[in-house]
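The values are calculated or read from the model by the stated rules, or taken from the named source; none is laboratory data. It should be emphasised that the depicted structure is a prediction, and the values quoted were computed from it without experimental measurement. Here the Cβ is made from the backbone with ideal geometry for all residues, glycine too, and neighbour counts use every protein chain on show.
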Amino acid sequence: MPQGSECNPSHMWWQGSVMYEIYVPSFQDTDNDGIGDLTGVLNRIDYLKNIGIKAIRLNSVLETRDYLHSHTPITNYTAVDPMFGSNKDLHLLAAVLHEKNMYLLMDIPLTFKTNPNLGADANHTVMPASEKNVRQMPLSHISEVLHYWLSLGVDGFFFPDITMFMTNPELLDAMHEWRNTLDHFSHGVEHRVMMVPLELLSSLKVSNSIQLDRVLDLVDLIDAPVDLTGSAQTIPEVLNSTTAWDNHASLPWINWNMGGIWRERISDLTHNHPLGRTFLLLFFPGTITLYYGDEIGLSEASKDNGWSSIMQWNENVNAGFSSAKPWQSLSRGWEEANVNAQNNTIVALKAMVTARQEKVPMYINGIFDYKGDYHPTKTSNYRVRYADADLIVIDRFFPRRNQFAVVANLGQNVLTKDLSHLYFGGSVLASSHGHAGYVKFRSISLQPGEALVCILDL
């Protein structure tokens with residue numbers, strides 16, 4: 001529901017919130033087969049709630065011929081793969097999330113390598129699962145699929161491969177149908193959401209600007225992967241070019257992420273714990289999605305199954321994931337890279353997420369001007385104040401509110417910098433490395449991979 005008070009700008013539950021993406025077979029096993037399941041996700045809701053997660057996004061859990069080999073050849077679009085439980089389990093997960101004022105999103109792949117069912121009891125024919133046999137789901141059938149899952153309590157959907165339909169003449173009409181289906185289940189503030197990848201919009205901008213405008217009217221979130229592993233000097237252009245997509249109050253919000261099932265783990269790409277980069281990501285204007293395990297610096301044991309490491313909960317057998325042998329190996333250093341051993345990291349992340357939720361300049365994605373315009377204009381409420389190869393400084397602001405800044409060292413060495421030309425000082429609101437109290441920008445020192453967020457003293 002809308003957040004804020006009479007004095008704060010309201011926003012819907014998916015705007016400016018923090019979501020958490022889960023690859024179910026690697027998250028938590030409860031039936032002792034070494035494979036994660038929906039009950040495992042249910043059992044970890046309190047962990048996510050404690051951090052401040054607003055919504056869970058499940059990578060596809062739809063029934064397949066061989067999920068662990070490839071989770072995209074869907075054989076039944078209205079059934080959970082039995083490996084993870086049942087449709088009743090997903091219904092229960094949605095219900096418990098709603099009780100805790102949280103939400104549930106699902107990935108819906110639209111391409112497949114088998115002949116998919118629409119109904120849970122329909123017959124299906126299996127085709128050879130080769131790249132030559134990739135097929136596209138009939139778009140006209142997707143509304144029926146969405147209706148079914150919405151009736152079980154799902155709050156929104158991400159279509160990860162919709163860009164493959166960019167030239168399909170049925171795409172726009174189909175998306176209108178999807179929007180109507182979502183709106184049918186939207187009651188007041190309980191809005192049901194549609195998310196598409198930035199890649200779709202970028203492609204349409206080049207090929208069909210008229211269709212692009214119509215698509216923008218239909219979706220709620222634009223999924224935007226961001227690379228925070230290189231030079232900090234690349235970040236200003238990424239911010240400016242990506243936020244240009246939501247430069248009007250009526251446009252979709254950006255959903256930033258730096259991890260995912262088909263992206264290499266952030267901890268494998270850098271020599272630092274990713275918490276500092278997570279802080280930086282959480283300072284971006286828009287909605288944020290964290291990929292499971294990135295909060296503890298989870299790395300990959302094998303890339304044979306995408307970037308789908310076993311989640312590591314504690315120092316017990318199989319890292320608390322299962323009492324049976326996990327379906328793939330644990331990551332290196334799991335005795336230290338687990339939730340229990342990294343309690344201080346989790347506490348720091350919670351402080352950052354809480355700050356983002358409570359501070360208007362951090363959760364809102366712009367400043368709106370309603371003067372005589374049915375569609376209010378929007379201006380940015382962030383500024384990149386400094387960026388070199390390793391160090392970046394960004395501030396966030398809003399009229400009649402405190403101003404905040406993040407200072408992040410993305411390099412491999414300790415940095416001490418005079419930033420007094422930007423600010424005098426500030427009180428630390430959240431820190432990835434235990435900074436507290438008041439900092440003066442005349443001589444600010446950061447460890448490799450460290451980020452801190454301050455309330456500025458201007």
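Of note:
- All strands (runs of 3 or more DSSP E) inside segment 346-458 with 3 or more residues being of a type outside the set (A, V, I, L, M) and under 16 Å from ALA232 (Cα atoms): 382-387
- Taken over segment 334-357, the criterion of being more than 30 Å from CYS454 (Cα to Cα) and either outside the structural domain of SER309 (by TED's automatic domain parsing) or surrounded by 14 or more Cβ atoms within 10 Å (Cβ to Cβ) (or both) is satisfied by TRP334 alone.
- Annotation: of all residues in segment 71-108 being among the hydroxyl-bearing types (Ser, Thr, Tyr) and over 14 Å from ILE22 (Cβ atoms), the one that is surrounded by the most Cβ atoms within 10 Å (Cβ to Cβ) is TYR77.
- Flag for MET311 being crowded, with 24+ Cβ neighbours inside 10 Å, over 16 Å from ARG57 (Cβ atoms) and assigned by TED's automatic domain parsing to the domain that holds PRO160: no
- Test for ARG65: is it among the basic types (Lys, Arg) and crowded, with 22+ Cβ neighbours inside 10 Å: no
- Of all residues in segment 389-424 being small (Gly, Ala, Ser) and in contact with a Leu (Cβ under 8 Å, 6 or more places away or on another chain), the one that is surrounded by the most Cβ atoms within 10 Å (Cβ to Cβ): ALA408
- Contact map, segment 176-190: residues that are over 13 Å from VAL215 (Cα atoms) paired with residues that are charged (D, E, K, R), Cβ distance under 8 Å, separation 6+ or inter-chain. Pairs shown: LEU182/ARG192; ASP183/ARG192; PHE185/ARG192; SER186/ARG192; GLU190/ASP155.
- Filter pass, THR379 being surrounded by fewer than 20 Cβ atoms within 10 Å (Cβ to Cβ), more than 23 Å from the chain's Cα centre (by Cα) and at pLDDT below 95: yes
- Filtering segment 266-287 to residues that are in a helix (DSSP H, G or I), in contact with a Gly (Cβ under 8 Å, 6 or more places away or on another chain) and either at pLDDT 95 or above or hydrophobic (A, V, I, L, M, F, W, C) (or both) leaves ILE266, LEU275, GLY276, ARG277.
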